[in-house]
1. Within the stretch 272-294, does at least one residue satisfy the condition of being under 22 Å from M202 (Cα atoms), in the same structural domain as L219 (by TED's automatic domain parsing), not in a strand (DSSP E or B) and not hydrophobic (A, V, I, L, M, F, W, C)?
2. When the stretch 312-346 is examined, which residues are found to be under 18 Å from N228 (Cα atoms) and assigned to a strand (DSSP E or B)?
3. Out of all the residues in the stretch 148-165, is one or more surrounded by fewer than 17 Cβ atoms within 10 Å (Cβ to Cβ), among the charged types (D, E, K, R) and closer than 25 Å to F38 by Cα?
4. If you check G266 against the conditions, is it among the small types (G, A, S) and on the phi > 0 side of the Ramachandran plot?
5. Here is a list: E294, E247, E269, E280. Which entry is among the acidic types (D, E) and within 26 Å of K216 (Cβ to Cβ)?
6. Could you tell me whether any residue of the stretch 232-242 is closer than 27 Å to A338 by Cα, in contact with a Phe, Trp or Tyr (Cβ under 9 Å, 6 or more places away or on another chain) and of a type outside the set (D, E)?
7. Wholly within the stretch 152-262, which helices (runs of 4 or more DSSP H) include no fewer than the required count, namely at least 2 residues that are modelled with pLDDT under 90?
8. Looking at (1) surrounded by 15 or more Cβ atoms within 10 Å (Cβ to Cβ); (2) of a type in the set (D, E, K, R); (3) within 19 Å of L201 (Cβ to Cβ), which is the one condition that is false for K339?
Amino acid sequence: MTKKYTEVTTVEDIVYTAGYRRIIFKGSLLGSMFLTVFSLIDFFYTELYLDATIEAIGCVILLSIAYVENKRGVNSLAVIFGLIVISTVIGSGAFSNHVEESGIVWFALIPFLSFFLLGEKLGLRVSLLISTVYIAGLINIVIQYPEKGFTTSAIFGVTGALFCSILLSIAYEKNRTSMIHLLSKQAKTDSLTSLLNRRGLMISFEKLLLLSQQDKKDLYLLILDLDNFKLINDNFGHDIGDIVIKETANAAKTYLKDIDRIARIGGEEFVAVLSNVSSEEALKIAERIRRAIENLEIEVPSGPPLQVTVSIGVTKSTENKKLFSDFFKIADKALYEAKNNGRNRIVFKEDN
């Protein structure tokens, strides 16, 4: 059974990049520095020994996370653990003091940190869990320790603040996610044709090659190059040349399956990757593409419609081809033969 190939960019795909890991490292380091200062103040100045102890423990844990992150990276569980440490420090400071000194306003910080560090789904779960613990703790303080000055209005206030913080965090995270998707798509897409660009093709090719090896199926690479395209630009201008490029892209992708990929890698050159087909089927697809492009009629300002042709070089996966460059080199030689043999034709080469 053939595996379905999907190419999805999620926040989780972006989260553990080098830049994001630096944020966690620097945040853990900075957080531990703040906790060190607060611990010293609470111990020597305000004589809040319990708070000082909890802050010191939190400092050690955050330093440990920073150390591990700097050495080999962390996963979401470590980030959650760090958030629990921060939440515990905030909670202990809030609940161990009188209402005027409690600093319960810091509770609202946790949802923002959770969503930023963990993404929408996991961030929401962690935010709800910690918020529930905060509210339950505050209810207990109101009932068991009335001398601290907390009232039912504080419960409603904290609940409302946490709820608003979570809603704002959801809105922020959805916007951030959409921007990540947009930027990721732009980074992998050719602006003229909306096909993949070279970077996007390389990403897709590696995944398709891995799937083809797992399924023990052949993978085919086609290089398509428009014939005499420079003459089109010289005679009709670049605006018409751009139209030819776009029409060629539309004609070519019509004959590809959902799992296949096609990219414009520069100028008038395209690369298509075909999966789960035989040599005969791959060549039939290449021929359909060639005929579709040959039958295009591009309107020009004066004279009859412009007609174009394409030469195509084709190769397939073999034991000698391990990288994209291996496929491309053989397909490019096939394309060169197609050009030398009169253009508007297909040449298939398995190896040198």
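1. Yes, the conditions are met somewhere in the stretch 272-294.
2. Scanning the stretch 312-346 gives I312, G313, I346.
3. No, there is no match, as no residue in the stretch 148-165 is surrounded by fewer than 17 Cβ atoms within 10 Å (Cβ to Cβ), among the charged types (D, E, K, R) and closer than 25 Å to F38 by Cα.
4. Against the criterion (among the small types (G, A, S) and on the phi > 0 side of the Ramachandran plot), G266 qualifies.
5. Going through E294, E247, E269, E280 in turn, the sole match is E280.
6. Yes, the stretch 232-242 contains at least one residue that is closer than 27 Å to A338 by Cα, in contact with a Phe, Trp or Tyr (Cβ under 9 Å, 6 or more places away or on another chain) and of a type outside the set (D, E).
7. Where helices (runs of 4 or more DSSP H) fall fully within the stretch 152-262 and carry at least 2 residues being modelled with pLDDT under 90, they are 152-188, 198-215.
8. (3)
The values are calculated or read from the model by the stated rules, or taken from the named source; none is laboratory data. Note that this is a predicted model, so its numbers are computed, not measured. Note that each Cβ is placed from the backbone with ideal geometry, even for glycine, and that neighbours are counted across all protein chains shown.
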